[in-house]
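Taking it in order: structure first as structure tokens, then the write-up.
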Amino acid sequence: MPLVIELLEGGVATLKDYLLVHLPFVVPAFFLAGALYALFPKEKILRYLGPRSPKYISYPMSVAAGLCLAVCSCTILPLFAGIRKSGAGLGPAIVFLYTAPATNILAVIYTSALIGVDVALARIILSVSFAVIIGTSMNALFPDKISGNAPDVAAGQAFPLAGNSPTSKWLWTFFGLLLAVLLWGASPAIQLLKVKLIGLAPLLIALIFVARRALSRDDVLSWMRETWVFVRTIVPLLLVGVFVAGMLRVVIPAEFVSQHFGGTTVGATFAAVLFGVVAYFPTLVEVPMARLFLDLGMGRGPLLAYLLSDPVISLPSMLVIRRLIGNRRLFWYVVIIIACCTAAGLIYGFVTSL
């Protein structure tokens, strides 16, 4: 009975800390994710992922499409299947499959606040780099047969939001202000909640003014609807994950973690990657788990390797991907992910220890 009380106290204390400290950036992050999903023209971007599209168009478009979504590895699978069925090349489709969960904007911002800006920057830079490396490698190993009807795409047609139209300018300004609100709320240099709220006032006034110019009533309703979907889907799982991480901190011996994962060795980094591949946590939940491991003494190299691998591949997603791309392609997809994440953890751990 005393252990149960101690577990509950640990979970409550961690959850309380999360709610008091991290809401100023989590709330704006949900609004930004909802706006990206509702307003960014994903259906136009996906037109440029075909096997005939030049790589300098299709691969950046795949990354951009993935960045618009804040989903975990299992949620992205129906979209991956849909764009492949619509004619997307294997390389761009793989980039999209990897980017969406790996560069989840909510998780990157959460990583920055909970673990550190250095890990968050390394996570997003390496995730985008790995997506392109993995997509290019898979395309080279298993090239698509290009049909005669596959549409050609000219470079000048590639960016649907480009141009000098007033609507495009107001929409880009709207996204910029949303990002500014998020960065202000997430700034580690500003510790006082009162200061953050005072600073948010002019940004929010400007955001309301620009939104009136950039968005129609239907756009606003769609934005609010998608934001609520993210909140309803993610927040309960996130709170449960934070509470469970707090309870695990009570029972996992710090000596075990620091002894076996405290240094950036090949074995520790590889084991952290395998744990990320085998374990399945809904989107964002991997971040409090990583914070727990860091508090218990895990080295930053294995920690980054875990954060890079956990969101993009899991046992449930592998079973589905196998049906979509076959055994050989799945095997190489998993092998390349494990190799990239392990190498990244080793290099990052070595650099940060200098």
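Computed quantities for the displayed model
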| quantity | calculated |
| --- | --- |
| Computed FRET value (nearest 0.05) for residue 9 with residue 352, which takes r as the C-beta separation and R₀ as 41 Å | 0.80 |
| Added length on full extension, which subtracts the Cα-Cα distance from 0.36 nm per residue, residue 259 to residue 125 | 45.3 nm |
| Rounded Å value of the spacing that divides the Cα centres of segment 283-335 and segment 211-233 | 31 |
| Mean Cβ neighbour count within 10 Å, used as a protection proxy, ranking 93-102, 259-268 highest first | 93-102, 259-268 |
| Packing-based ranking, highest mean first, of 206-213, 171-178 given that Cβ atoms within 10 Å are counted | 171-178, 206-213 |
| Ordering of 119-126, 330-337 by packing [mean C-beta count within 10 Å, highest first] | 119-126, 330-337 |
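Every read-out reported here was derived from the displayed coordinates using simple, explicitly stated rules and does not represent laboratory data. Model, not experiment: these values are computed from the prediction. Heads up, the Cβs are rebuilt from the backbone with ideal geometry, glycines too, and the neighbour counts pull from every protein chain shown.
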